Each structure stands twice: as structure tokens, then as C-alpha cells.
Amino acid sequence: MADSDTELIKRAQAQDLDAFCALAERYARRIHLLASHYCQNTQDAEDLSQEVWLKAYQAVQTFRFDSSFYTWLRRITINTFLNHRRSNFFRWRGQSTVVQLLPIDLDDSGELVGSSSASPENIYNKLLFENVVNALAELTASQRLAFLLRHYEGMSYDEIANAMNCSTGTAKKGVWRAIAKLRARLSPDSHEPEPLIDLASEY
Amino acid sequence: MHNCTETKERLIELVLDGRPVEAAETSELNACAECRTEFDALNMTLRMTSRLSETATPAESYWSGYHERLREKLATAPNPSHAEKQSRKEKLGPLFETMRLCVRTQIRVPLPLALAVVIACLALGVFAVRRTETPVAPSPLLVHVPVQVPVVQEKVVTRVVYRDRRSSLRNSRRAINDDAQTESTFAKSRKPSTDEIPASLNGFKPTDEIKLTVIKGGSPYEK
């Protein structure tokens, strides 16, 4: 029977590395997903997510069970993202269209995962992935983070504002501008993005 | 009344929340082609970004290597308690060092000097307490009020009165009575007589100040 989070956290607080690694295995995918959406580079995503775990390990004794472990961990994740944004940690791709697909579609032996790479579904996925990653790359770091927290994490604007240390209006504005840009970039009728962009610019 | 701007605001939240579209919203979208297009575009955009999560998720084999690397990093990292102590030490280090120095340092002090210092401290303490207990008189409230003070302008009137000594007592009385009258004695005295040289106003310059001098018992020609 798997140990509960509380049990693992208490053991981690008693400097049990195995318990902390067990916790990491439970939440690593969610943190890694946020990191990969945020920095759009597989290697940076791994570095960033592992730094989050390193910080969490060093601060686990300060966890007081006031919230869920993931809420606490997400706070560390956001702070790590924001700090790295300030320190220009990322090998920032900016507006470039360089997308590293290999680590995702290949396993450790270099073999393709799943179906053949020439299958229509795989090609479509690659194109879609490239398109969305490029669209996300066009957002500012704060817009991207606000969008990720709202869309992928389902956080409210108040929670985003609290986590990003800004006002609710700023958080809302960031999300709306991000959506306006993504819609302009990704939607089929992207030649008419003005109404939504105008709407976002009002905030 | 349909308002496209308000509807688009609601559409963003509707698509982000991922809740099903209600009947009222459906009818509103059906009534406005622009809003319907916007809604479809937003739906498509967010669906594509959602699929990114599925596409970007690394394969299962990736995670074993990931956790191995993470374990290595955690094993080489300073342990939590040590890291916490280290961070506290960095933050409050100088303060604690000073306090520790004060506590640990032993200085040999002669007993009379120590007693003198203690007594001086006590005296200073008592003085400070008594000083704080002394009621402080409220400072007078100073109010500046402009006051107008009347200034009396004095005017000196000088009048020369000549009196003839040789005139009789009756004449002197008359002169005194005439003094009370409105016509000035000076003017009367300056009335030309048959035995006097008529006065001339040539070179006379009126002055602002008139000095009244009463000379008794003399005449203009008396020395």
C-alpha cells in the first residue's frame, strides 16, 4: 500500500531521501509539464523542474501542512520560474522557431515511441506541437506564466495574482492578452484577431 | 440588448473554465455571427494548447532517467536541516555573532569599579523615572492676531502774541478776552497802526509747523 503524502512528507522532514524521491515521483510530471510549457526547451524544462525539487527538498522542513503539498510545491515552482526569468537563466529561444522534438518522441535507446514517425497522426502532432510552442514563445514570460496557471492549473485570477505578486487586474490582463495573441496565431481565421486584442488592451 | 464586447469577455471565461454552454448563451451566440466566430476560434485555440500537454509529455522511459538524475542532485545537495541552518545563518549571521560575542566574552572588572558603575546606573535610572513622572507644564498657546493701534499725529502750532506793557490794565484785559475769540491775537497785534511800518508778506513762506509762543510782558521792540 502506497504511503500517503503526509506520511512521506513527515519522513522527508526527517531527512529521508527515499521518501522525498517518492514524493517527487508523484508530482514530477505536473511540475515538468509546467516547466516545459514555460521555457519551451526540454533541457531547460528538466533543469528548471529539478531545481524546483531541489528547493523543495531544502525547504521541506518549513512545510506546516496548512495546504496541500502540491499547492506548496506549485508556489515554489512559480517563484523559481519568476526568479529564473529575472536572472535570464534560460537559453531563451525568443521568437525563433527552433523546437526540440527528439527528446519527446524518442526513448533512451533512440527508438521512436509509439507509431511510425511518418504516420499522419504523428506528423500532425509534430506540426501542432511546433505551432503551439512557437505561439507560446511569442508571449512575454509573465503572460505565459499567467496563462499556464489559469489554463493548465485552473487557478483563479486572485490565486494567480497572489502567486505572481501582482494585482488581480494585472493577472487578468496577462491571461487575456496571452489568449488574444494565441488566438491570433493559432486560429484558422487569424487574419481577424483585432476584436479580441482590442478587448484585452482595455485591461 | 446584445453587446459584442461584453459577450466576448464572457466567452473567454467560458472557454477557460471549460464549462458547457448554457441555453441562453447558445441563443446569444446563434444570434450574433461575430460572437459565434470568436467563440469557435477561442475554443479551437485552447483545444490546441490543451493538446500540447498530451504531445509534450515525455515517454515513460524518460522518467526513470529523470528521477535518477534528480536523486543524484538531491544526494549531493546539503540536507534540509543544514540548508535551513545555513540560510538562517546567512540572514541573521552578523547579529547573532555580535550577540554571541557579548555573551561569551569575559572581562575582569575590579569590584569597586563594578559597584560604582551599578550605582551610577541605578541613579541614572531613578533620575530618568522621576523626570518622566514630573508633569510637564503645557506650553502656552501662541496666537498671532493683528491689532490696529491708533497713532496720534501731533501738530505743533506756534503763535506769537505781543503784548504792550505800556497799555493800561483795561487794554490788557481786553487782549486776554480777545485771545479767546476766534480771531487770532497775532493777527490783531499785526494790525497796522499809524505809528508802525506796514508789514509786508514778501518772502513769507507758510510752514507746516506753527509754534505758539506766548511772550508776556514785552513788546516787539523791547530789548
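Before moving on, here are some points about what is shown:
- Boolean, A:A146 is under 27 Å from A:L73 (Cβ atoms), at pLDDT below 90, more than 8 Å from every other protein chain (Cβ to nearest Cβ) and within 14 Å of the chain's Cα centre (by Cα): no
- At least 1 residues being over 59 Å from the mean Cα position of the chain (by Cα), under 30 Å from A:Q58 (Cα atoms) and of a type outside the set (S, T, N, Q) is the threshold, and among the helices (runs of 4 or more DSSP H) wholly inside region B:15-84 those reaching it are B:33-56, B:60-76.
- Cβ separations smaller than 9 Å between residues 6+ apart or across chains give the following pairs from region A:11-22 residues that are facing chain B (nearest Cβ under 9 Å) to residues that are of a type in the set (F, W, Y) and in a loop (DSSP other than H, G, I, E, B): A:A12/A:F63; A:Q13/A:F63.
- The one condition from (1) under 30 Å from A:L139 (Cα atoms); (2) more than 9 Å from every other protein chain (Cβ to nearest Cβ); (3) surrounded by 17 or more Cβ atoms within 10 Å (Cβ to Cβ) that A:Q43 does not meet is (3).
- Pick from region B:48-61, criterion touching a helix residue (DSSP H, G or I) at 6+ places or on another chain (Cβ under 9 Å) and of a type outside the set (S, T, N, Q), ranking: farthest from the other protein chains (Cβ to nearest Cβ): B:E54
- Meets criteria (crowded, with 19+ Cβ neighbours inside 10 Å, among the charged types (D, E, K, R) and either in contact with a Gly (Cβ under 7 Å, 6 or more places away or on another chain) or within 10 Å of chain B (Cβ to nearest Cβ) (or both)) for A:E25: no
- Yes/no for B:R69 being basic (K, R), within 30 Å of A:D16 (Cα to Cα), surrounded by fewer than 17 Cβ atoms within 10 Å (Cβ to Cβ) and within 8 Å of chain A (Cβ to nearest Cβ): yes
The values are calculated or read from the model by the stated rules, or taken from the named source; none is laboratory data. Bear in mind the structure is a predicted one, so any value in this text is a computation, not a measurement. Ideal geometry is used to build each Cβ from the backbone, glycine not excepted, and the neighbour counts take in all protein chains shown.
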